[in-house]
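The values are calculated or read from the model by the stated rules, or taken from the named source; none is laboratory data. Remember, it's a predicted structure, so these values are computed and weren't measured experimentally. In this analysis, Cβ positions are derived from the backbone assuming ideal geometry, glycine residues included, and neighbour counts consider all displayed protein chains.
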There are 2 protein chains.
Amino acid sequence: MSNSKVVDVHTHVYLPRYMDLLRSRAEVPRVILDDLGQDRLVILPGEDKESSTKRGRPIGDEYWSMKRKLEFMDLHGIDVSVISLANPWLDFLPTTQETFEFATALNQDLSTVCTSSDAGGRLFAFGVLPTLSPSASVAEVHRIAQLPHLRGVIMGTIGAGRGLDDPELIPLFQAIADAGLTIFLHPHHGVGNEHFGGYGHSLSLALGFPFETTVAVSRLILSGIFDRIPNLRILLAHSGGTLPFLAGRLDSCVAHDPAVAEKLQHPPTYYLKRLYYDAVIYHDTGLKATVDLVGADRIMFGTDNPFFPPLKGEKHVTRWMSVDKNIEAVKGVPGEEKVWNGIMGENAVRILNLK
Amino acid sequence: MSNSKVVDVHTHVYLPRYMDLLRSRAEVPRVILDDLGQDRLVILPGEDKESSTKRGRPIGDEYWSMKRKLEFMDLHGIDVSVISLANPWLDFLPTTQETFEFATALNQDLSTVCTSSDAGGRLFAFGVLPTLSPSASVAEVHRIAQLPHLRGVIMGTIGAGRGLDDPELIPLFQAIADAGLTIFLHPHHGVGNEHFGGYGHSLSLALGFPFETTVAVSRLILSGIFDRIPNLRILLAHSGGTLPFLAGRLDSCVAHDPAVAEKLQHPPTYYLKRLYYDAVIYHDTGLKATVDLVGADRIMFGTDNPFFPPLKGEKHVTRWMSVDKNIEAVKGVPGEEKVWNGIMGENAVRILNLK
């Protein structure tokens, strides 16, 4: 893959301005200090309620330092990163002028970071929206479209509080499509959390996250949004959750429920094939299924950095197993170097216009 | 596939004795009569609460008549069926002697049907357990093991009420393994139901069912049951829900949570590769992923009959689209006729000893 660019489309940051907010809060999401003066991140729903996780996970400057991000990129041979705020974004903030201005400031921060001389043109970003207010989000989309290194918005699944199939969001989706921006759809709350038994948060992350993406996209499809806005461009985290695997079952269940099917111009799989998928899936079985359903040219490499750091060794100098698993998965896709180069970066350059 | 047997391992029946129970009940699960004297099935959790589904779905004798089952098999070229009671089995019945005797009677009914001259040796069965009572279930397993055409038990995910990773179930799993029987693990309750929005039950079936299987099997794995009972043989409905697709993510999340990982001898995928999967998935993308992860020789064709009948035409003489989609999926698996023949029936003959 030597002559071709490697691009990471799924790589997060808690900007310093956002860290300040997390440090100031008394409720989840928040950052607390442990006895050793180490920052600990507590962000997942209910994480503070469980004894094993209530003190969160230790985090360091890899969560907010752009120097660390660039080191991480160098260490893993990543040429370009499309950074995004990590969950839960602004989904927990009230619809106030202060929140709207905070979103604007964060997007300006992203722009400043990406266009800085330190970044050397290697950073692009997905912006953030005050999603609970669709009208303020529309205004923010117009601002984001003017920022030279921003290529879209990262979005969770709650929308304005009632899910992404809420008719109130249609003007927002239209504005995003009209601006030529991409939505990076990412889970946070998890689906099925009450069923995961006593295994810490491992199953919330392993299963609840991909379930959440699967549900949100299925509801978007059934709402008819893609018939209404065919050029709405969405990149799905974690290779679409479980959608490539469940596509056939989704089509079949919808076909056997005429009241649902007759509202759509096509079976669900038709729309799934028009979406984009990252390659954050850690195994070639799932990635090959995604390629099989939607084609390799709609799939883009990602790392989920700075989450899933190395279990042993110094995280700033040791290669991350979580990254290597995703690279191995890409190399496990049948095809020629052209296919791998596409997934590893060239698709992102083309689709997100990272010139 | 002409010279090789076609076997349907996922095909349900509500035995007349069970229909009598459903007809006698005032709560879900139940069968009600509509104004035209047509039986209507209301079985899914909350189905009676929603206006579009509270009157259930119309059902006919394809749900209880073995004559109809054999007609369905002839129509679709199925040589052998391994029938099982449809959900929710006995999971809603109290742990009383009456329930235990009901289970025994149903299993005797299955045996009588399968060994009848009408069946001509073409029917085998998975029996049913009074699962809420593990000790009564163990006793029933011993009885089932003596019935000539029974090859295992169908089981939901609630166990004795606390999920399948409940330590109280270990003697039951040990008894099933010792008897050389197979568990056919099947969803009923759905996971994520509260997130599916206003699309009737289409998403409960399309997503909630496979999520439920995924969660139950993940919890079984993390409980260490397969380290304790390596020869526990489980056949997963709907190609394992979503597990082949999520295997890499599950491995990665467990590896990054040492408190969970250190209780297991192997990564989760190791255990996933030792399970069996049906091919009820309606699309070759998902089926190929299952083959990729576990190998084609652990996968067995199924139809989910009598659910998902034809939308148009007379259901007793029209080929079922739901069946044809699953046959197409098998034919979409790369390989030779030997691979297809294996999935279509020879694997089931070998694994379930259908001689």
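Observations on the model:
- Unmet requirement for A:Lys355, which otherwise passes all of (1) surrounded by 13 or more Cβ atoms within 10 Å (Cβ to Cβ); (2) closer than 24 Å to A:Ile183 by Cα; (3) not polar (S, T, N, Q): (1)
- Among the residues of region B:181-214, the ones that are aliphatic (A, V, I, L, M) and touching a Lys or Arg at 6+ places or on another chain (Cβ under 6 Å) come to 1 in all.
- Scope region B:199-258; condition over 16 Å from the mean Cα position of the chain (by Cα), under 19 Å from A:Thr285 (Cα atoms) and among the β-branched types (Val, Ile, Thr); matching residues: B:Val254
- Selection count, region B:66-107, where residues are of a type in the set (S, T, N, Q) and either touching a strand residue (DSSP E or B) at 6+ places or on another chain (Cβ under 8 Å) or within 28 Å of B:Met344 (Cα to Cα) (or both): 4
- Residue ID - nearest to the chain's Cα centre (by Cα), chosen from residues in region B:1-31 that are part of a loop (DSSP other than H, G, I, E, B) and closer than 13 Å to B:Ala86 by Cβ: B:Tyr14
- Of all the numbered requirements in (1) free of Cβ contacts under 8 Å to residues at least 40 places away in the same chain; (2) touching a strand residue (DSSP E or B) at 6+ places or on another chain (Cβ under 7 Å); (3) in a helix (DSSP H, G or I), B:Arg40 misses one, and that requirement is (3).
- Test for B:Ile234: is it among the aliphatic types (A, V, I, L, M) and in contact (Cβ under 8 Å) with a residue 60 or more places away in the chain: no
- If you go through region A:284-304 and keep only what is crowded, with 24+ Cβ neighbours inside 10 Å and under 21 Å from A:His12 (Cα atoms), you end up with A:Ile299, A:Met300, A:Phe301, A:Gly302, A:Thr303.
- Residue count for region A:295-333, restricted to those that are within 14 Å of chain B (Cβ to nearest Cβ), out of contact with any Pro (no Cβ under 8 Å at 6 or more places or on another chain) and aromatic (Phe, Trp, Tyr): 2
- Scan of region A:49-102 for residues that are of a type in the set (Asp, Glu) and either in contact with a Phe, Trp or Tyr (Cβ under 7 Å, 6 or more places away or on another chain) or touching a residue at least 40 places away in the same chain (Cβ under 8 Å) (or both), ordered by number: A:Glu50, A:Glu62, A:Glu71, A:Asp79, A:Asp91
- Of all the residues in region A:250-262, those that are surrounded by 21 or more Cβ atoms within 10 Å (Cβ to Cβ) and in a loop (DSSP other than H, G, I, E, B) number 1.
- Sole exception among (1) without any contact (Cβ under 8 Å) to a residue 40 or more places away in the chain; (2) part of a helix (DSSP H, G or I) for B:Ala247, by number: (1)
- A single member of A:Tyr271, A:Tyr276 is more than 22 Å from B:Asp292 (Cβ to Cβ) and touching a residue at least 60 places away in the same chain (Cβ under 8 Å), and it is A:Tyr276.
- Every residue from region B:15-28 that is at pLDDT 95 or above and within 13 Å of B:Pro88 (Cβ to Cβ): B:Tyr18, B:Leu21, B:Leu22, B:Arg25
- Considering region A:263-283, and only residues there that are more than 9 Å from every other protein chain (Cβ to nearest Cβ) and within 16 Å of A:Ile327 (Cβ to Cβ), the residue that is surrounded by the fewest Cβ atoms within 10 Å (Cβ to Cβ) turns out to be A:Asp278.
- Hey, B:Arg228 within 18 Å of B:Leu172 (Cα to Cα), facing chain A (nearest Cβ under 8 Å) and touching a residue at least 40 places away in the same chain (Cβ under 8 Å) or not: no
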